[in-house]
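Below is one structure, written out as structure tokens; comments come after it.
The values are calculated or read from the model by the stated rules, or taken from the named source; none is laboratory data. The shown structure was predicted, so the numbers you read here are calculated from the model rather than taken from an experiment. So basically every Cβ, Gly included, is an ideal-geometry build from the backbone, and we count neighbours across all protein chains shown.
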């Protein structure tokens, strides 16, 4: 379409960046736009030093510290996209991991990723490359490559401009190499030479001290110098060096170097290029000076700016020939008149050792400097003496303020590094907002943050700081004017800065009530754009009217790009985490059944800060005859495959339990199922079957920890169960253990994630579980304790809130109650045709005792049919049992293992309709094997 802006308007954003923005700031802006435009995972900018044969990392986005460290330096001959783009002066592509790198820092990313790069070119030729990490296996398309080249050209143009208006350095007199080498430690000025042919650099002791290297012999390389330069200043240093070599102009640049304690100091490097007999440059000589005192903190930093330097000049007799205004202030109340001997007019200076130092500097002809306590001020001052042809030049500066400014500068750099690291590490949207608020707002002295995302025709708040809940709700309410700061910033994709409430009201009169309601007086509205699409906006606000400087606006714009990328990643994580939780809820029981003889409560705790689902599960399954099955298991590992396996196993357990299998037989079938999934799948399982008529609990386990049994007296024990390997590695048969549990006992089933953790083995964890159960019960009998509260208490004690877990955990607590003898009636019947009539009489009488005569007719028909089948088709002994529970259960047992099957009888068949009648009259019916034979059972709903 003719009206569509190319590349989603990203080049318009770059063109809107002020001319004062250059160096690494320009690179970061270009990098953010390139990564967003190509929908990349991250990006890098590498720059090369003339004659060095290397590329150095100048900026990066979306990379962890370890990954950035691995790409800190690239040899020009390597077959990776940045080097290929530099050497070929054209766009390049290389898949990763194609080169594992060397040393202990492999340059690898996830499989299927690659780097696409475009050269950064200055008038002197290719100087670096801008690269983006993308997931397309064959590289980006033509449109994306075109955008990358356009962004690289914009960055090239910004690097070609002088770092400061008027040039990188003022013209200065040539210095001879011998004169430079006469500098000594203490003057603050060091000397160096750089050989272009070999790349070797020679430094004197003073320069080495400034660079925080050990004094003495130095086999320095160009790379050693570059490694000490602050990453934000590296583009300017390289550009100034390239410009000085290409044009023959003086070399002058200010940058920061890292000290051993991690802080930075400002230094100034000056030099000039020497030409060989053929007129080609072959060497550069220069000086290095620590100038930290010249640099104040950012205007938003609450640090006093250093005082101006006082300057005096003395003739060879020590008489004052010049006195600056700052020097007069320092020497008040009696500054020396012109022509007076300095230490005679101000005797206090003689006590400071100034006279002796001046004569020494004149005699040696070398600069001299020292720190001292100034007599008219409480702060420490630095005095520097520089010999001149007619005497001495004396410079006096406030050393205390210089140290304060240096400290503030280091703190700001540390905050920026912490912010970038925190945004990269933040997983959720709330964590991203908190990281930005905690680390970005103090950089600018801001008091408010509001982050909203686009949701249809409205904005939805995802995080805020410094605003009331009512004000946030006011902004989310529909009905705001179509023209407002939010829509304007998003529509133009350009940040909007408002310096005062008056300006806000003038621009948006229909929203004149918002400044007073918010309590803020200045705003920066920053659009959040990812892959060319606006996802929301970020508002940084201030408690007082505030005009942001160009540097602050550029920094806020760059930080908003980082925030947008982090929010996009966090939104994906939140969605994945939400879907994982929904999947987990669907795979686990939504609620446990309420049974007369078993009351249960359960908890599931996923892995901390993980979007993956786990493999732990639990279940409570009603069986025939009032029996109940309790099961808990753990599929080893985390992820969708493990969750799917867990779902299959839980379904299989319920199916096998409905088939009335014994615990050992059930685990054998589960083992076959897990073994068929492959060698990488294993699971542990504990299956318990409780019979309330006999109070016997039958248990079998496969690699699972033993349950805890809480007796009626409150004591806790772990029964010794037969040990078997996990499912998938076990060899049947499994062993079954039977326990007789008294009424109101508790059976506590759990997975290893509850009792095992780093620094705590499973034996100690089981001991902790027993102690916490005893403490939670106190003097409350197990039969009266609230199971929901007990579950919460155990989880809080064993897995405290905020403690990271590397495994999910499941907990199932069941209270077991036996069935009352009054609710059980059983009889032995004769193995003859009269048994059916006796059964009807017994049923009629017992139902009358229980007061459920309304079921008599139906029950008589069921019993008559079942007993008749036994007499006709099976063998004795014949037994009849009635159970009065949540349903009426009727059981007829015999000594035959043959199981009856329901079938469709033909019109001419004399039999085959009995079981059809049973199925029609009973709510449920089935058969199970016993030690003596089988049992046919029916269930009827109570009236």
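With respect to (1) within 21 Å of residue 744 (Cβ to Cβ); (2) touching a helix residue (DSSP H, G or I) at 6+ places or on another chain (Cβ under 8 Å); (3) exposed (fewer than 15 other Cβ atoms within 10 Å of the Cβ), the lone exception for residue 780 is condition (2). In region 373-385, the residue that is modelled with the lowest pLDDT out of those that are assigned to a strand (DSSP E or B) and out of contact with any helix residue (DSSP H, G or I) (no Cβ under 8 Å at 6 or more places or on another chain) is 373. Selection over region 509-551 of residues that are surrounded by 19 or more Cβ atoms within 10 Å (Cβ to Cβ), part of a helix (DSSP H, G or I) and under 32 Å from the mean Cα position of the chain (by Cα) gives a count of 1.
Flag: residue 667 does not match the condition of being in contact with a helix residue (DSSP H, G or I) (Cβ under 6 Å, 6 or more places away or on another chain) and either in a loop (DSSP other than H, G, I, E, B) or in contact (Cβ under 8 Å) with a residue 12 or more places away in the chain (or both). Of the numbered criteria (1) surrounded by fewer than 20 Cβ atoms within 10 Å (Cβ to Cβ); (2) modelled with pLDDT of 95 or more, the one residue 676 fails is (2).
The strands (runs of 3 or more DSSP E) located wholly in region 271-353 include none with 1 or more residues which are closer than 30 Å to residue 204 by Cα, over 58 Å from the mean Cα position of the chain (by Cα) and at pLDDT below 75. Of all the criteria given as (1) modelled with pLDDT of 90 or more; (2) within 23 Å of residue 684 (Cβ to Cβ); (3) crowded, with 20+ Cβ neighbours inside 10 Å, the one not satisfied by residue 795 is (3). Quick check, is residue 190 modelled with pLDDT under 75 and surrounded by 13 or more Cβ atoms within 10 Å (Cβ to Cβ)? For residue 190, the condition - modelled with pLDDT under 75 and surrounded by 13 or more Cβ atoms within 10 Å (Cβ to Cβ) - is met. Against the criterion of being surrounded by fewer than 21 Cβ atoms within 10 Å (Cβ to Cβ), at pLDDT 70 or above and within 28 Å of residue 95 (Cα to Cα), residue 228 does not qualify.
Where strands (runs of 3 or more DSSP E) fall entirely within region 808-888, those with at least 2 residues that are in contact (Cβ under 8 Å) with a residue 60 or more places away in the chain and under 17 Å from residue 923 (Cβ atoms) are at 878-884. The lone criterion from (1) under 26 Å from residue 648 (Cβ atoms); (2) buried (at least 18 other Cβ atoms within 10 Å of the Cβ) left unmet by residue 693 is number (1). Residues that are modelled with pLDDT of 75 or more and in contact with a strand residue (DSSP E or B) (Cβ under 6 Å, 6 or more places away or on another chain) were ranked within region 201-210; the one that is surrounded by the fewest Cβ atoms within 10 Å (Cβ to Cβ) is 202.
Inspect region 894-908 for any residue being outside the structural domain of residue 692 (by TED's automatic domain parsing) and modelled with pLDDT of 90 or more and give the result as yes or no. Lay out the reasoning, then the answer.
Keep residues of region 894-908 that are outside the structural domain of residue 692 (by TED's automatic domain parsing), which gives 894-908.
Applying the additional criterion that residues be modelled with pLDDT of 90 or more yields 894.
Looking through region 894-908, at least one residue is outside the structural domain of residue 692 (by TED's automatic domain parsing) and modelled with pLDDT of 90 or more.
Restricting 601, 641, 591 to those that are at pLDDT below 80, surrounded by fewer than 21 Cβ atoms within 10 Å (Cβ to Cβ) and either assigned by TED's automatic domain parsing to the domain that holds residue 736 or not in a helix (DSSP H, G or I) (or both) reduces the list to 641. Among the residues of region 724-743, those that are closer than 22 Å to residue 813 by Cα and either assigned to a loop (DSSP other than H, G, I, E, B) or not assigned by TED's automatic domain parsing to the domain that holds residue 699 (or both) comprise 736, 741, 742, 743.
Results for (1) outside any strand (DSSP E or B); (2) modelled with pLDDT under 75; (3) within 18 Å of residue 129 (Cβ to Cβ); (4) in the same structural domain as residue 120 (by TED's automatic domain parsing), shown as yes or no for each residue.
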site: 20; (1), (2), (3), (4): yes, yes, no, yes
site: 77; (1), (2), (3), (4): yes, no, yes, yes
site: 86; (1), (2), (3), (4): yes, no, yes, yes
site: 95; (1), (2), (3), (4): no, no, yes, yes
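Within the set 570, 575, the sole residue that is surrounded by fewer than 20 Cβ atoms within 10 Å (Cβ to Cβ), closer than 15 Å to residue 430 by Cα and modelled with pLDDT under 80 turns out to be 575. For region 436-458, name all the residues that are assigned to a helix (DSSP H, G or I) and without any contact (Cβ under 8 Å) to a residue 40 or more places away in the chain. Within region 436-458, 437, 438, 439, 442 qualify.
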